[in-house]
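Participant: Structure in structure tokens, see below.
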Amino acid sequence: MNIRQEKIAALLQKELGQYFQREARSLCKGAMVTVTVVRLSPDLSIAKAYLSIFGNSDVNEVFENISTNAGSIRYELSKILRHQLRKTPEFHFYLDDSFEYSKKIDDLLDQ
């Protein structure tokens, strides 16, 4: 990634995190959603956002709710970022399971 992509990815990561914090009750059903990584396509049209979801027993339900509302999330962020970005990228959300993976490895090492 070039410097411009990195700056925009950092901005999107920060704003997505704040958005999920504000909308935790309605969109995230009370779960805590952390945006771990945002990766942009070279033409800045697609943003892949990796999410960690904690505090809810049904992670897949929360993730599906976020994925189905990707268009409205893009719209809300475009209102916030209208003075910084000419065009807000389309969001593709992915579950980041690196925390669970590292916990599983730690448990195996402890045995």
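The values are calculated or read from the model by the stated rules, or taken from the named source; none is laboratory data. In this text the structure is predicted, and so the values were computed from the model without any measurement. Heads up, the Cβs are rebuilt from the backbone with ideal geometry, glycines too, and the neighbour counts pull from every protein chain shown.
Every residue, every condition in (1) surrounded by fewer than 17 Cβ atoms within 10 Å (Cβ to Cβ); (2) assigned to a strand (DSSP E or B); (3) under 13 Å from the mean Cα position of the chain (by Cα); (4) at pLDDT below 90, yes or no:
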site: ALA47; (1), (2), (3), (4): no, yes, yes, no
site: ILE53; (1), (2), (3), (4): no, yes, yes, yes
site: SER78; (1), (2), (3), (4): yes, no, no, no
site: PHE99; (1), (2), (3), (4): yes, no, no, yes
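Participant: Mind listing whichever residues of the stretch 17-45 are under 17 Å from ILE73 (Cβ atoms), in a loop (DSSP other than H, G, I, E, B) and among the hydroxyl-bearing types (Ser, Thr, Tyr)?
Facilitator: SER26, SER45
Participant: Something else now. Go through (1) on the phi < 0 side of the Ramachandran plot; (2) in contact (Cβ under 8 Å) with a residue 24 or more places away in the chain one by one and return the number of the condition SER72 breaks.
Facilitator: Of everything listed in (1) on the phi < 0 side of the Ramachandran plot; (2) in contact (Cβ under 8 Å) with a residue 24 or more places away in the chain, SER72 misses just condition (2).
Participant: Additional query: I want to confirm something. Restricting to the stretch 75-110 and keeping residues that are without any contact (Cβ under 8 Å) to a residue 40 or more places away in the chain and basic (Lys, Arg), which single residue is farthest from LYS7 (Cα to Cα)?
Facilitator: So the residue we want is LYS104.
Participant: Within the stretch 68-75, identify whether any single residue is part of a helix (DSSP H, G or I) and at pLDDT below 90, and answer yes or no.
Facilitator: no
Participant: Right, here's the next one. For GLN84, which of the numbered conditions (1) of a type outside the set (Gly, Ala, Ser); (2) outside any loop (DSSP other than H, G, I, E, B); (3) surrounded by fewer than 16 Cβ atoms within 10 Å (Cβ to Cβ) fails to hold?
Facilitator: Here GLN84 meets the rest and fails (2).
Participant: Hey, another quick one. Which of the residues belonging to the stretch 64-76 are surrounded by 14 or more Cβ atoms within 10 Å (Cβ to Cβ) and within 18 Å of ARG22 (Cβ to Cβ)?
Facilitator: ASN65, ILE66, ASN69, ALA70, ILE73, ARG74, GLU76
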